[in-house]
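Shown next, in structure tokens, is the structure this report addresses.
The values are calculated or read from the model by the stated rules, or taken from the named source; none is laboratory data. Remember, it's a predicted structure, so these values are computed and weren't measured experimentally. Cβ placement follows ideal geometry from the backbone for every residue including glycine, while neighbour counts extend to all protein chains displayed.
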Amino acid sequence: MLRTHLSAASIIKTDKYYLNILLHRRSIMANKEQKKAVVAGLVEVLKDVQGIYFVDFAKIASKETNEIRKEFKNINSRMLVSKNTLILLALKELGIEMPAEKISGQTAMVLAGDDATAPAKIIKKVFDKTGCLGLKAALIEGQLYDGKQLNLVASLPSRADLMAGILGSLQSPASGIVGSINAVIRDLASLIEEVAKKKAA
């Protein structure tokens, strides 16, 4: 009887062992599906973004985080947190090769809105003031910038500045051309008037 009891106990133990393996495998499969869903979501979010900033998210209090998020929201940008491995997978799917060491540790992404360079100015302001939100890397319109280039990135002209510069450069020659045309018309009118006077005489 004892041998039979032990045999039954052994069977139960074996069943539990295989059940745990099955549950573990299902858990792994579920996690894989969840990760795939997160990566797909990141791809959808990142595919049309002109500027992505990877910043150090450590040592930032929740109150400060909320204030920083508001600042980004005011410039039509937003801050997003996800696992580095999933971020790298999403970037890879978009054809962007990002060195893993660039975004190691606690990382948040700042996604630029209409102006690809505007978030850099907020990141620099916060970093200069608190030492937090350090830039790890930035992807701006396909160009990769190192975290050490924060000052350079923050000094890049905004979209509004670029448009104003282009408009100004276009307006200057245009006004010159218009002035020249007006001068020619005036000269031509004077010439016609002089010719008419001579014929009348």
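Annotations for the structure displayed:
- Residue within region 47-59 that is surrounded by fewer than 13 Cβ atoms within 10 Å (Cβ to Cβ), part of a helix (DSSP H, G or I) and modelled with pLDDT under 85 present: no
- Filtering region 50-105 to residues that are among the hydroxyl-bearing types (S, T, Y) and under 18 Å from A40 (Cβ atoms) leaves S82, T85.
- Residue pairs whose Cβ atoms lie under 6 Å apart, separated by 6 or more positions or on different chains, with the first residue in region 41-54 and among the aromatic types (F, W, Y) and the second at pLDDT 90 or above and assigned to a helix (DSSP H, G or I), are Y53/P119.
- Test set (1) under 30 Å from N31 (Cβ atoms); (2) out of contact with any helix residue (DSSP H, G or I) (no Cβ under 8 Å at 6 or more places or on another chain); (3) among the hydroxyl-bearing types (S, T, Y); (4) at pLDDT below 90 - T85 fails condition number: (4)
- Residue match in region 73-83 (condition: in a loop (DSSP other than H, G, I, E, B), among the charged types (D, E, K, R) and farther than 15 Å from V126 by Cα): yes
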